[in-house]
Amino acid sequence: MNDKPRRFPLSLSSVVEQTKAATGKAVTPQTATRNVARHGSVQHGHTPVAGISPAASERTTPLVSEAVRKAMVVRVASQGVRDAKVLAAMEAVQRHLFMEPALASQAYIDASLPIGHHQTISQPYIVARMIEVMRANRNGGVMKRVLEIGTGCGYQAAVLSLVADEVYSIERIKPLHELAKTNLRPMRIANIRLHYGDGMLGLPQAAPFDGIILAAAGMEVPQALLDQLSIGGRLVAPVGARHQVLHLIERVGKTEWVDTTLEDCHFVPLRPGTM
């Protein structure tokens, strides 16, 4: 672990590659380049949860009961996540409503799953872990404004909405931006702002952010994102190419950031531009 202040952007070395999720099949966490399913238009309803408004109906699947979701949270806690607010948010948000019906029965296994366009919905553990790390700031976990790079299907934004006052999320793939809007609209979550654009540029018009979380891995953290952190703010991002490692970057001064290496991970690549 390295807590030495340094200037960015960093060129960070890679570490050990992926692990297998114990699901009966060899499922690689955070990989979206294999076993990708085509996206289909799905409209979902939701049952009441804290901070999220209900819609008229819910898609029913035998393996997506509240008990199964609670079991997922227990498993995430057993993997080391301790933040009670994060665990409560993970329990509240119905992950199966953010994926296609054919995959809904697998929603609560600890693995990433395809959402189309060579992208995935992140595995539950990594979502909880990254948010927990981002919240462990010097302000006692207060998160007034956070930025998510890579909206995907909208699942992580929904979890973030229960631990932060305002959530801004950027997606560069237009169909996924539209999918997230479709998934989140029935929930009527007032504190999420979705944006279509280049996530590597951040969202300077809404900065500074108390936290920034990246759902894709680059060879370095873009300077634009570091500049949009508030002093004391935390950025959590995977870094590397074939081999990746999760990093925490904390801004400690106007031109100083502290980089801490966390753990191995595997994400889709961070790319510039829109499509």
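The values are calculated or read from the model by the stated rules, or taken from the named source; none is laboratory data. The structure presented is a predicted model; accordingly, all values stated were derived computationally and were not measured. As a convention, Cβ positions derive from the backbone with ideal geometry for all residues, glycine included, and neighbour counts pool all protein chains shown. Heavy atoms of the whole protein, side chains included, go into the accessibility calculation; ligands, DNA and RNA do not. Shrake-Rupley method; radii C 1.70, N 1.55, O 1.52, S 1.80 Å.
Starting from segment 164-182, keep only residues that are in contact (Cβ under 8 Å) with a residue 40 or more places away in the chain, then list their pairs with residues that are assigned to a helix (DSSP H, G or I) and surrounded by 15 or more Cβ atoms within 10 Å (Cβ to Cβ) whose Cβ atoms are within a distance under 8 Å, requiring at least 6 positions of separation or different chains.
Once the first residue is in contact (Cβ under 8 Å) with a residue 40 or more places away in the chain and sits in segment 164-182, its partners that are assigned to a helix (DSSP H, G or I) and surrounded by 15 or more Cβ atoms within 10 Å (Cβ to Cβ) give Arg172/Gly199.
Which residues, taken from segment 214-229, are of a type outside the set (D, E, K, R) and either under 20 Å from Ala241 (Cβ atoms) or in contact (Cβ under 8 Å) with a residue 40 or more places away in the chain (or both)?
Just the residues of segment 214-229 that are of a type outside the set (D, E, K, R), to begin with: 214-219, 221-226, 228-229.
Within segment 214-229, Leu214, Ala215, Ala216, Ala217, Gly218, Met219, Val221, Pro222, Gln223, Leu225, Leu226, Gln228 qualify.
Please list, ordered by first then second residue, the pairs with beta carbon atoms under 6 Å, 6 or more apart or interchain, first in segment 253-275 and on the phi > 0 side of the Ramachandran plot, second open to solvent by less than 70 Å² (accessible area, probe 1.4 Å).
Gly273/Asp198
Scan Gly116, Gly141, Gly80, Gly152 and give me the residue that is at positive phi, open to solvent by less than 50 Å² (accessible area, probe 1.4 Å) and within 15 Å of the chain's Cα centre (by Cα).
Details: Gly116 fails: within 15 Å of the chain's Cα centre (by Cα); Gly141 fails: within 15 Å of the chain's Cα centre (by Cα); Gly80 fails: within 15 Å of the chain's Cα centre (by Cα).
Answer to the selection: Gly152.
Of these, Met99, Met134, which one is in contact (Cβ under 8 Å) with a residue 60 or more places away in the chain, under 18 Å from Thr151 (Cβ atoms) and not aromatic (Phe, Trp, Tyr)? Steps first, please.
Numbers: Met99 fails: in contact (Cβ under 8 Å) with a residue 60 or more places away in the chain.
Just a single option satisfies the conditions, and that option is Met134.
It is to be established whether one or more residues within segment 245-266 are within 15 Å of the chain's Cα centre (by Cα), at pLDDT below 95 and closer than 29 Å to Ile115 by Cα.
Yes, there is a match, as at least one residue in segment 245-266 is within 15 Å of the chain's Cα centre (by Cα), at pLDDT below 95 and closer than 29 Å to Ile115 by Cα.
Taking segment 155-189, which residues are charged (D, E, K, R) and open to solvent by 20 Å² or more (accessible area, probe 1.4 Å)?
Going residue by residue through segment 155-189, those that are charged (D, E, K, R) are 165-166, 171-172, 174, 178, 181, 185, 188.
The answer is Asp165, Glu166, Arg172, Lys174, Glu178, Lys181, Arg185, Arg188.
Among the residues of segment 225-238, are any open to solvent by less than 10 Å² (accessible area, probe 1.4 Å), touching a Cys at 6+ places or on another chain (Cβ under 9 Å), assigned to a strand (DSSP E or B) and modelled with pLDDT of 95 or more? Outline the logic, then answer.
First, the residues of segment 225-238 that are open to solvent by less than 10 Å² (accessible area, probe 1.4 Å): 225-226, 229, 233, 235-238.
Of the ones still in play, those that are also touching a Cys at 6+ places or on another chain (Cβ under 9 Å) are 238.
Retained after the next criterion (residues that are assigned to a strand (DSSP E or B)): 238.
Narrowing further to those that are modelled with pLDDT of 95 or more: 238.
The answer is yes; a qualifying residue exists.
Being closer than 18 Å to Leu262 by Cβ and in a loop (DSSP other than H, G, I, E, B) is the filter here, so list the residues in segment 118-137 that pass it.
Narrowing segment 118-137 to residues closer than 18 Å to Leu262 by Cβ: 122-137.
Those that are closer than 18 Å to Leu262 by Cβ and in a loop (DSSP other than H, G, I, E, B): Ser122, Gln123, Ala136, Asn137.
Out of all the residues in segment 198-210, is one or more open to solvent by less than 20 Å² (accessible area, probe 1.4 Å), farther than 20 Å from Cys153 by Cα and outside any loop (DSSP other than H, G, I, E, B)? Steps first, please.
Applying the first criterion (open to solvent by less than 20 Å² (accessible area, probe 1.4 Å)) to segment 198-210 yields 199, 202-203, 206, 209.
Next cut, farther than 20 Å from Cys153 by Cα only: 206, 209.
Now drop any that are not outside any loop (DSSP other than H, G, I, E, B), which leaves 209.
Yes: one or more hits.
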